[in-house]
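The values are calculated or read from the model by the stated rules, or taken from the named source; none is laboratory data. Predicted model, so just to flag it, every value in this text is computed and none were measured. Glycine also receives a Cβ, built like all others from the backbone with ideal geometry; neighbour counts cover every protein chain displayed. Heavy atoms of the whole protein, side chains included, go into the accessibility calculation; ligands, DNA and RNA do not. Shrake-Rupley method; radii C 1.70, N 1.55, O 1.52, S 1.80 Å.
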Amino acid sequence: MGAESAKFAGMSTHAAPFGALLRRWREQRRLTQSDLALAADSSTAHLSYLETGRSQPSREMIMRLSEYLQIPLRERNLLLLAAGFAPAFQERSLAELEVAKGAIERILKAHLPYPAFAVDRHWNVVLSNSALPELYEGCCAELLRPPVNAMRLILHPAGMGPRIVNFAEWRAHSLSLLRQQIDARPDPVLQGLLAEIAAYPLARDGDASNRFDAAERLATPLIIATRLGSVSFLSTVTVFGTPNDVTLSELALEMLFPANDATSGIIQRMVREQSEAKVADAAAS
C-alpha cells in the first residue's frame, strides 16, 4: 500500500461500513432509494442491497453515486476505502500544488489594493494579498497569529467585531454560511466554529440595514469603521471548477470589492498614506 493510501486507511480504521455511509449521504441529500437508483442507472433493489451490505459496489458505481450526491472529494475517498478500494483523489499541501498556488497568488495580487484571501474548508486563511493593514488595527495578536481564521477575526470581540458597523447582519450571514456547509457535509470543526460565533455578543447599536445605499442592497455588505470613515465591501467567493485534489477542492477565494464611491476614496487615501510612509522610512534609513 502506498503512502497516500496508508494515510487514508489510517483515517478510516473506525469508519462506518460503505452501506451506512451511502445511506447517510442519501438521506442528507433528502433522496429516496428510488431517486438515487434512477439517477445512478441502477435498481432500487440493488441500491438497497448496497446500503444493507448484502452487495458490494464496483468502483465505477461508487464514483457515479458520489457524483450525483455531490459528495466532496475527501468523503469520496472514504467511501472508496470503506468498500475496499484505494482512494481516487490525492491530498497534497498547497505548496505542492505549484501551478494552482501560482494562479491563486496572481489573482490575489491583481485584486490589490482591495483585500482578498484564500481559505480552507474551516475558514483558515492559507494565502492573502495582505491589503490594507488599517482594517485590522486593534485586533489582538492571538487572532492574527497563523492560521488566521477569517470568520473569527472579523466577528470576534477582540478582533474586528467592535468595528463592524452592521455586526448583527454580518454575523447572521456568517452563521447561515456555516449552517449551509454543515448541512452539505457535517464537520465537528465547523460545528464548533458555528457555536462559538453564535455565542458572540451582539453589537450595541441597532440594525444598520436602513443605512445601506442602492449598491449595498444587492447583497449583504461588510461595513467596517476606520479612522478615515466607514468602508463598505461586497464579497465574492471563487472556487476551482474541476478539482482533482482534495486540498484544491476545499479552497475558496474571497475577494472584497468597494460597494460605493466613498469606500473607493477612503481606500485610495489609505494607499497614498502607505506609500508616503514607505518613502519616509526609506529616507530615514
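Hey, can you tell me all the residues within the stretch 93-120 that are open to solvent by less than 30 Å² (accessible area, probe 1.4 Å) and closer than 18 Å to Phe233 by Cβ?
Answer for the stretch 93-120, where residues must be open to solvent by less than 30 Å² (accessible area, probe 1.4 Å) and closer than 18 Å to Phe233 by Cβ: Leu108, His111, Pro115, Ala116, Phe117, Ala118, Val119.
Can you name every residue in the stretch 51-76 that is among the charged types (D, E, K, R) and over 24 Å from Leu248 (Cα atoms)?
Step one: list which residues in the stretch 51-76 are among the charged types (D, E, K, R), which gives 51, 54, 59-60, 64, 67, 74-76.
Selection gives Glu51, Arg54.
Could you tell me which of the residues Leu143, Leu193, Leu127 is crowded, with 19+ Cβ neighbours inside 10 Å and among the aliphatic types (A, V, I, L, M)? Before you say what the answer is, go through the steps one by one.
On the way: Leu143 fails: crowded, with 19+ Cβ neighbours inside 10 Å; Leu127 fails: crowded, with 19+ Cβ neighbours inside 10 Å.
Leu193 is the lone residue from the list that is crowded, with 19+ Cβ neighbours inside 10 Å and among the aliphatic types (A, V, I, L, M).
Return only the number of the condition from (1) touching a helix residue (DSSP H, G or I) at 6+ places or on another chain (Cβ under 7 Å); (2) assigned to a loop (DSSP other than H, G, I, E, B); (3) open to solvent by 30 Å² or more (accessible area, probe 1.4 Å); (4) within 30 Å of Arg26 (Cβ to Cβ) that Tyr68 does not satisfy.
(2)
Note down all Cβ pairs under 9 Å where the first residue falls in the stretch 216-237 and is in contact (Cβ under 8 Å) with a residue 60 or more places away in the chain and closer than 16 Å to Ala150 by Cβ, the second is of a type in the set (S, T, N, Q) and surrounded by 13 or more Cβ atoms within 10 Å (Cβ to Cβ), and they're at least six residues apart or on different chains.
Leu222/Asn166; Leu222/Ser232; Leu222/Ser235; Ile224/Ser230; Ile224/Ser232; Phe233/Thr263
Residue-by-condition table, conditions (1) surrounded by fewer than 15 Cβ atoms within 10 Å (Cβ to Cβ); (2) more than 25 Å from Gln180 (Cβ to Cβ); (3) touching a helix residue (DSSP H, G or I) at 6+ places or on another chain (Cβ under 6 Å); (4) modelled with pLDDT under 95:
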position: Gly19; (1), (2), (3), (4): no, yes, yes, no
position: Leu22; (1), (2), (3), (4): no, no, yes, no
position: Arg30; (1), (2), (3), (4): yes, no, no, yes
position: Asp41; (1), (2), (3), (4): yes, yes, no, yes
position: Arg76; (1), (2), (3), (4): no, no, yes, no
position: Ala82; (1), (2), (3), (4): no, yes, yes, no
